[in-house]
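Student: Below are the structure tokens for one structure; questions will follow.
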Amino acid sequence: MNISNINNISKLNIKNNNGFGKNSNIFDMVAGTPNNIFDPFDICYGEKRSDQDLNDLMVSILNNISNLYPLIIGFYTVFFEKPINATMDCENLKMLVEKMLKSDNPSQEKLSTSSEWIKSCVLLMMGIYDNSNDLKKLLFEKKDKLLNSNYKKHEFGETRYILETNIERLEKSIQDLLILLSNSLENIHENIGIYMESIFIYIAFIHNVDLLWEVYDIDPILITGAKKSDRLNEKNISSFRERLHVFISSFLKDVGGTSEKTMLNLCWNDMYKVLGQDLILYPQKLIIFNELITNSDRATGFKQFILPEINNQNYIFRFDAKYLGTDNEEYKSFKDYITGCYGIPLFGNESSKLSFILESKTMKFISIRLYGMKNENLDNININVFNCDDNKPQQLVDQDTIKPLTLQLSNYLPSKNNLDSNFVGFTKTKKIKLSNVKNLIEFNFNGNENKKYFLYFVEILVSYQKQ
């Protein structure tokens with residue numbers, strides 16, 4: 001398809017493509033999820049995800065790049081059953097950039113963004129487009145060898161070097177565009193749409209390479225990363241996932257720190273889609289509980305959640321903290337822009353105790369991860385796990401004490417929530433073995449009773465073996 005008309009670009013939808021297709025052998029080359037050196041929550045390890053799940057994930061990512069998709073259409077569709085061709089030049093790209101800038105601020109007659117900035121942006125985008133198509137050409141030339149599992153790797157050394165060089169060049173061009181946007185926050189009210197699609201371009205690139213690294217014959221150390229070692233490595237080697245994590249975190253901080261300019265934009269409501277693509281925080285499938293009504297355990301009266309069973313595959317199960325509150329509480333003022341979740345405020349005193357029933361049909365190992373806003377006066381969070389045999393809490397299964405924040409994600413918090421310190425991020429427990437069907441989970445928040453802690457959601461990191 002020749003995209004010469006700017007109006008055709010927004011109509012492009014990857015759902016019309018057959019994806020990797022039933023006849024494709026691309027997933028035969030996928031080894032699964034590699035262990036990363038940087039794994040703060042010990043969740044990178046896991047069994048291979050299903051082919052359909054991976055294909056659906058790739059499609060959902062591309063559907064968030066409605067305007068700038070032609071920039072990476074080259075390399076991204078190489079292994080699709082029906083590759084799509086697209087052409088782009090500076091003139092059409094300039095028209096597209098200007099259109100996106102105006103659409104983000106339609107009430108303004110004249111753009112605040114300078115023509116020099118637009119020119120720089122277009123040049124960087126053309127760099128992505130050219131590098132993408134260069135990589136596509138190289139991959140098509142070597143496709144048969146890449147998909148031939150019998151081909152000896154040591155005979156493929158020169159191609160490996162060329163592929164890694166081209167992939168590195170494409171990644172650098174995407175990063176340069178993101179850096180330009182991060183340094184242009186004074187006009188983020190106009191370029192937020194470009195920034196949003198650009199971060200999804202980087203997400204699409206990293207997911208593609210991270211999934212198909214064996215097909216691309218990339219050195220495994222570039223996938224897992226490596227720590228500095230006098231014997232092996234002269235410096236730290238960051239993985240693709242680590243670099244994605246850094247740029248996603250930067251994007252979320254940029255958007256949050258300029259919320260007065262961005263929160264009226266339509267893409268504000270889609271911010272939650274970005275965090276879930278962070279392969280450091282979400283290397284496994286994320287399942288979000290979104291029922292309108294939560295069931296309560298008859299014996300205890302606590303809210304009850306049932307862990308899904310999905311063929312011994314590790315996953316992350318999330319539910320909004322609002323489900324743990326009372327039915328008459330108002331949550332509208334406690335929505336988190338990063339995740340779209342509704343939370344509840346908690347005070348650091350004895351009354352700040354949250355409990356719920358977690359039901360599991362089979363034995364699992366779990367870690368409990370919390371996401372919330374930290375105040376420096378909140379000392380720690382005690383978590384207790386009891387079994388519920390005979391429909392009532394009995395033996396203490398395990399317990400843990402965690403800090404309110406172990407991985408900071410952003411420093412943004414709407415002022416109406418009245419926290420003295422505005423830090424948002426994750427913390428999690430150690431791994432706990434669940435052997436019985438029903439379990440009571442109990443949180444105790446300890447600290448200054450006059451200070452608030454906002455809990456936005458609870459995640460259960462599920463695995464079927466203790467790594």
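The values are calculated or read from the model by the stated rules, or taken from the named source; none is laboratory data. Since the structure is predicted, the reported quantities are computational estimates derived from the model, not experimental observations. Quick reminder, even Gly has a Cβ in these numbers, built from the backbone with ideal geometry, and neighbours come from all protein chains shown. The area values use the complete protein model at the heavy-atom level, side chains included, leaving out ligands, DNA and RNA. Shrake-Rupley method; radii C 1.70, N 1.55, O 1.52, S 1.80 Å.
Student: Which order do you get for V246, V255 if you rank them by accessible area with a 1.4 Å probe, largest at the top?
Tutor: V246, V255
Student: Follow-up question, since we're still on this one. Given R₀ = 45 Å, what would the calculated FRET efficiency be for N382 paired with E91, taking r from the Cβ atoms and rounding to 0.05?
Tutor: The calculated FRET efficiency here is 0.15.
Student: Using a simple spin-label model with points 7 Å from Cα along the Cα→Cβ vector, what separation in nm is obtained for L57 and Q465?
Tutor: 1.9 nm
Student: How much solvent-accessible surface does K227 expose, in Å² to the nearest 10, with a 1.4 Å probe and all protein chains in place?
Tutor: Accessible area of K227: about 140 Å².
Student: Take peptides 112-123, 190-201 and line them up by average Cβ neighbours within 10 Å, highest first, as a rough protection proxy.
Tutor: 190-201, 112-123
Student: Using a Förster distance of 30 angstrom, determine the FRET efficiency expected from the C-beta separation of E291 and D42, and round it to 0.05.
Tutor: Values: r = 29 Å, r/R0 = 0.96.
After rounding to 0.05, the efficiency reads 0.55.
Student: Do me a favour and compute the ellipsoid semi-axes for segment 248-309 from its Cα gyration tensor, root of five times each eigenvalue, largest one first, whole Å.
Tutor: Each semi-axis is the square root of five times an eigenvalue, giving 33, 17, 10 Å.
Student: Quick one: accessible surface of R169, probe radius 1.4 Å, all protein chains present, in square angstrom to the nearest 10.
Tutor: Surface accessible to solvent at R169 totals approximately 110 Å².
Student: Follow-up. Sort 203-214, 92-103 by the packing proxy (mean of other Cβ within 10 Å over each peptide's residues), most packed first.
Tutor: Packing proxy ranking, top to bottom: 203-214, 92-103.
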